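Just so it is clear, none of the values below were taken in a lab; they were calculated from the coordinates. No experiment lies behind these values; they were computed from the predicted model shown. Don't worry about glycine lacking a Cβ; one is built from the backbone with ideal geometry, like all the others, and counts go over all protein chains shown.
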Amino acid sequence: MTKRAYNFNAGPAALPLEVLQQAEKEFVDYKGAGMSIMEMSHRSKLFEGVNDEAEQLARELLQVPDDYSIMLLQGGASTQFAMVPMNLLSAGKTAAYVNSGSWAKKAIKEAKLIGETRVVASAEESRFTAMPNLSQLDLPEDTAYLHLTSNETIEGTQLAAFPDTGNVPLIADMSSDIMSRPLNVSQFGMIYAGAQKNLGPSGATIVIARNDLINSSQAGVPTMLRYDTHAKSKSLYNTPPSFAVYMVGLVLKWIKGKGGLAAVEQLNRAKTGLIYGAIDESGGFYSGVAEAESRSLMNITFRLQSEELEKLFIKGTEEHGFVGLKGHRDVGGLRASTYNAVPLESCQALADFMKEFQRTHG
Ligand SMILES: *Cc1c(COP(=O)(O)O)cnc(C)c1O
């Protein structure tokens, strides 16, 4: 048996063991081609099949409507921070942003480089321990789009519901919670996510966008940074991250095999319930960072009473086969990332460890 860590890394993150084993089987010789995926032409029939299948599975799992394109690009979610305003923020219009935390801030910073940008809701005053209230949004008359971050990976907060923005396209960075729960894609103009949290290895970025938005890209945007370039060529305008796309396809197939997004959400709730339970039942020994209604199903942030105790906790986890429980360097504390591929057993083991650590250090 392969020894696998209890992997709570924030990203790149755990992949399903079954997926890794499938990739291992096909690694040297993909379907009798006498070569690996990485060595074959991205114009070959075999790779076209891989590319089409990944797109089709994403379409099926998220029930993406026909008037949306799905692209698998390079550059990570961070490139999308710039591509969104470059393509969709025209002169005389305003880009509206929700400032929910560290990742939202990075998206806002890029938009400001491109054009008129306004923050219409912010959780900065509560130090991002909750998602901003989006029920009474006041959008400028000339709003090009509203951008939000569905899950703040660093702070451990997640939106439970999305605002109705009427005719204003809603654009979401879903890098750390895409495919973790069912989604009504038709509510959005565009969704994007780096693959390395919930969908596969780093190197591929999924973009799901309504065609009328893709087709209204600003003139003057360079070819590689235009959505229409990639949508028209089915993500094969230039050499794609072929191995990453293949891995994303395998992960999507695995999600389908689990019973789809409703089943995955149920499992994610069971997993996080174990760890949030250990926090809530600790009588204050552990304290959750996020407020209850904004708690993330993907990144559980919590603290102990002192940094010394947190250091001891990290040391203890490392001795017991856990990886990745240190909080982000910007916020400190502890964080357990419980993405789709993190097994229930890892979460049970962590909850057990937390109780034992409290018994011996409380
Ligand atoms: C990780 C992450 C990003 C950055 O993704 P890259 O692919 O590294 O550019 C952006 N947004 C969120 C919410 C993330 O979790």
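Worth a mention:
- Under Karplus coefficients 6.51, -1.76 and 1.60, residue-wise ³J(HN,Hα) of the stretch 106-114 in Hz, glycine/proline x: 5, 5, 5, 4, 5, 4, 4, 5, 9
- In terms of packing, defined here as the mean over residues of other Cβ atoms within 10 angstrom, the peptides 208-220, 332-344 line up highest first as 332-344, 208-220.
- Residue among VAL98, VAL119, VAL289 with the largest mean-square fluctuation in a Gaussian network model of the chain, springs linking Cα atoms under 10 Å: VAL119
- Those aspartates and glutamates that a straight Cα-Cα span of less than 12 Å connects to LYS253, excepting residues fewer than 8 apart in one chain: GLU18, GLU53, GLU55, GLU60
- Computed packing ranks the peptides 351-358, 170-177 as 170-177, 351-358, most packed first, by mean other Cβ atoms within 10 Å.
- Helical content alone sets the calculated 222 nm signal of the chain at -11500 deg cm²/dmol, taking -39,500 (n - 2.57) per DSSP H segment of four or more residues and averaging over every residue.
- Cα centroids of the stretch 173-191 and the stretch 266-281: 23 Å apart.
- A Gaussian network model of the chain, with springs between Cα atoms under 10 Å, assigns the largest mean-square fluctuation among THR94, THR223, THR317 to THR223.
- For LYS93, the aspartates and glutamates whose Cα comes closer than 14 Å to its Cα, not counting residues fewer than 8 places off in the same chain, are GLU116, GLU141, ASP142.
- Formal net charge of residues neighbouring ALA104 (Cβ-Cβ distance under 9 Å; K, R +1; D, E -1): 0
- Too-long pairs where the Cα-Cα distance tops 24 Å, listed order kept, from LYS106/LYS315; LYS3/LYS271; LYS271/LYS326; LYS197/LYS326: LYS106/LYS315
- Here LYS232 is the anchor, and the lysines within straight C-alpha reach of less than 19 Å, apart from those fewer than 8 places off in the same chain, are LYS45.
- Projected onto planes of every orientation and averaged, the convex hull of the alpha-carbon atoms in the chain covers 18.5 nm².
- Amide H contacts of ASN299 (H built 1.01 Å from N, under 5 Å, at least 5 apart or other chain): THR338
- Inter-centroid distance (Cα atoms) of the stretch 218-234 relative to the stretch 35-88, Å: 14
- For the chain, a simple Cβ point-charge model (Lys and Arg +1, Asp and Glu -1, everything else neutral) yields a dipole of about 580 debye relative to the Cα centre.
- Considering only beta bridges that DSSP places wholly inside the chain, some 55 percent are antiparallel.
- Shape category assigned to the stretch 98-198 from the gyration tensor of Cα positions, a/c cut at 1.5: rounded
- Fluctuation leader among GLU281, GLU291, GLU125 - the chain, Gaussian network, Cα springs under 10 angstrom: GLU125
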